[in-house]
Amino acid sequence: MLKCTQAVEDANTMHTSKLGWWRRFSLFMHLLMCHHCRRYVRQLKMLLGAVKDMHGEASDEEVERVLKRLRESSGS
Amino acid sequence: MSSDNAQEMPVTGMANRESEEDLQRLRSGEVAAFEQLVRRHHRALIAAARPLVGDEAEEVVQNAWIKAHRALPEFEGRSAVRTWLTRIVLNEAKMLLRKRGREVSLEDTTGGDADPQSWRFGSRGGWALPPRYWQVEGPHEVLSSDQLLECLQRLFGEMPGNQKALLEMRDVSGMDFEEICNDLNVSASNARVLLHRARGRVFELVDHYQETGEC
Ligand SMILES: [Zn+2]
């Protein structure tokens, strides 16, 4: 039986690179039985979805600065 | 228990992913589409460049936009646009550093930083203090409070640059992990530790905020 520390590590690895099928299977079995890790995994997934948008949109000024430089570079 | 099911991983963000229609407009050089692209990704690109080049991040990203604009007609869409843009930014950053006689490397400053979540586990590897239940409907609600975003900025200010860089490249920009390790001269085992610690810190911040309403 996987320990929770290992389950947390493996759940993270699934969001990082590849996790072998056996480890994936062990994690899945652990999650069936451990509601704390289930909660952790669900919240980690939401967190990683959230960080993608955390920087928000650029302001009009920022966008204009980029476009201005672009015009200058293509105009020359 | 579908939302708890590990088989669904990894997540791909939808909000910053361009539609096929967006891509068509971008490839055909439509100005409004490019403007929208800049609006969506500019800040994330600067955040990705900053741990590598510091105050020169804005300059690096500006140059990357010029290159991206030129290359867009040939963009094949094999990766998300943000991932592709980040790759261009990373190349620009490396070029700038090379000009300064420096190399990109995230390897050197690992030591001394403890696992931010180890205190939650007992000696036998089980949860002693499990995370609390977050009162959120989905990812869009996790970081929706201004106060929390402010705290997050503060946290990023204190976070080691290599942890921050990995979080930005992998989790925000969706770059391939192996590619990051190669490009940033860091071993996979080291990078994994750094990235998981960065996530752990952000997780702890949100968990604490969920519990106390402050951070
Ligand atoms: Zn567990």
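Any read-out appearing in this document is the output of simple, stated calculations on the displayed coordinates, not a laboratory observation. Since we're looking at a predicted model, the values are computed, not measured. Note: ideal-geometry Cβ built from the backbone for every residue, glycine included; neighbour counts use all protein chains shown.
General observations
- Residues being of a type in the set (D, E, K, R) and closer than 19 Å to B:Glu168 by Cα - total across the stretch B:116-153: 1
- Residue in the stretch A:1-9 that is within 13 Å of the ligand (Cβ to nearest atom), at the interface with chain B (Cβ under 8 Å from one of its Cβ atoms) and part of a loop (DSSP other than H, G, I, E, B) present: yes
- Among the helices (runs of 4 or more DSSP H) confined to the stretch A:19-76, the ones with at least 2 residues that are within 16 Å of the ligand (Cβ to nearest atom) are located at A:21-33, A:35-51.
- Here B:Ser105 fulfils each of the conditions (1) in contact with a helix residue (DSSP H, G or I) (Cβ under 7 Å, 6 or more places away or on another chain); (2) in contact (Cβ under 8 Å) with a residue 12 or more places away in the chain; (3) part of a loop (DSSP other than H, G, I, E, B) apart from (1).
- Out of B:Asp207, B:Asp176, one residue alone is within 11 Å of chain A (Cβ to nearest Cβ), charged (D, E, K, R) and under 18 Å from B:Asp115 (Cβ atoms). It is B:Asp207.
- Here A:Leu27 meets each of (1) within 17 Å of B:Gly126 (Cβ to Cβ); (2) more than 19 Å from the chain's Cα centre (by Cα); (3) not small (Gly, Ala, Ser) with one exception, condition (2).
- Options B:Val193, B:Val186, B:Val172: the member that is under 15 Å from A:Lys45 (Cα atoms) and among the hydrophobic types (A, V, I, L, M, F, W, C): B:Val172
- Whenever a residue of the stretch B:118-133 is away from the ligand (no atom under 11 Å from the Cβ), its partners that are basic (Lys, Arg), lying with C-beta atoms within less than 8 angstrom and at least six residues away or across chains, give the pairs B:Arg124/A:Lys3; B:Ala128/B:Arg120; B:Leu129/B:Arg120; B:Pro131/A:Arg39; B:Pro131/B:Arg120; B:Tyr133/A:Arg39.
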